[in-house]
Amino acid sequence: GIVGSRNKSCLDKGVQMDSDALKKVIEVFEDDYITLLGICQGHYLCPKDRLGKRQGPLVAYVERDENGRNLVGEVFVHFAMAEQYPQLLHHFALKFFPKIIASLDFDVFCGATYGGLAFGLVLALVCGKKFVYPEKEIEPAPNGGRKTTLIFRRHEIQPKEKVVIVEDVSNNFSTAKALIRLIGIAGGQTTGIASFLNRSLSVDNEYVAQGGSRVPVLSLVRQPIPEYRQDDPYVAEDIEKGNIIWDPKRDWDILLEAMQADQKHSY
């Protein structure tokens, strides 16, 4: 599982695995998908000492509370690290294939920009299906900020096509919500949402879309990841001390170093 297990990583910063090494790793950890991701340095689990005191930083999530403050937690899945290894994506897709084919009726995979593009393409290859993806269009917003919308420009959804949305990590389903609307405008029907990891605390096997339609949700890994308000006693002291990474993807090296330091001290 993700929560409560030690992350395994055999890579030092900047080291890439060759094809033969990755093949051996996949053979050993065939069905332990999070360990495979961790070996590719794509999984952060905040290290702790034997008394439960954090030896590494918390991470901030995109989701916010009612006051606009980011929720925080101890786990972060950075699936982009796995995208560097098509052989690993192919393994994930092969393992996911039986569940998807048995559970969903569809014609097309639609990769959610940007996290679902690589995984969606490999899933389409394995399943023998069409693959499309939308693009982001950024426009000025009335308040002086920027507004991002999704549009189909390079690809199209044909009327009556049945579409499965592919994400790397599903949580608040905001991107899926936008894509379901976009697919519907094009005359298609969303018949499923597939992701490597469904970490949502509230959405399990189906997502209720606008209008009340229920869309099946499938994942290779289903593991809720706890997230906390910044004033929660469980995390408040670390927040006050600044023991947090506010942009985990930008500062990913810091998180990796925290885990590697913990592993060295453990042996």
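The values are calculated or read from the model by the stated rules, or taken from the named source; none is laboratory data. Keep in mind that what you see is a predicted model, and the values were worked out from it rather than measured. No Cβ is skipped: glycine too gets one built from the backbone with ideal geometry, and neighbour counts run over all protein chains shown. Please note that ligands, DNA and RNA were not included when accessible areas were found on the heavy atoms of the full protein model with its side chains. Shrake-Rupley method; radii C 1.70, N 1.55, O 1.52, S 1.80 Å.
For region 36-56, the condition of being in contact (Cβ under 8 Å) with a residue 12 or more places away in the chain, small (Gly, Ala, Ser) and out of contact with any helix residue (DSSP H, G or I) (no Cβ under 8 Å at 6 or more places or on another chain) holds for at least one residue.
Just to be sure I understand the filter: pairs with C-beta atoms under 6 Å, separated by 6 or more residues or on different chains, first member in region 87-108 and touching a residue at least 60 places away in the same chain (Cβ under 8 Å) and closer than 18 Å to residue 197 by Cα, second member in a strand (DSSP E or B) and of a type in the set (S, T, N, Q). Which pairs pass? Matching pairs, first to second residue: 104/191. Screening region 137-151 for residues that are assigned to a loop (DSSP other than H, G, I, E, B) and open to solvent by 50 Å² or more (accessible area, probe 1.4 Å) and picking the one that is modelled with the lowest pLDDT gives 144. Residue pairs whose Cβ atoms lie under 9 Å apart, separated by 6 or more positions or on different chains, with the first residue in region 165-179 and free of Cβ contacts under 8 Å to residues at least 24 places away in the same chain and the second open to solvent by 30 Å² or more (accessible area, probe 1.4 Å), are 174/62.
Listed here are the helices (runs of 4 or more DSSP H) enclosed by region 161-267 that have at least 1 residues being under 15 Å from residue 76 (Cα atoms) and open to solvent by 40 Å² or more (accessible area, probe 1.4 Å): 252-265. Any residue at all in region 186-209 that is without any contact (Cβ under 8 Å) to a residue 24 or more places away in the chain and either closer than 20 Å to residue 107 by Cα or touching a Pro at 6+ places or on another chain (Cβ under 8 Å) (or both)? Checking region 186-209: at least one residue is without any contact (Cβ under 8 Å) to a residue 24 or more places away in the chain and either closer than 20 Å to residue 107 by Cα or touching a Pro at 6+ places or on another chain (Cβ under 8 Å) (or both). Within region 58-111, track down each residue that is open to solvent by 40 Å² or more (accessible area, probe 1.4 Å) and among the aromatic types (Phe, Trp, Tyr). Across region 58-111, the qualifying residue is only 97.
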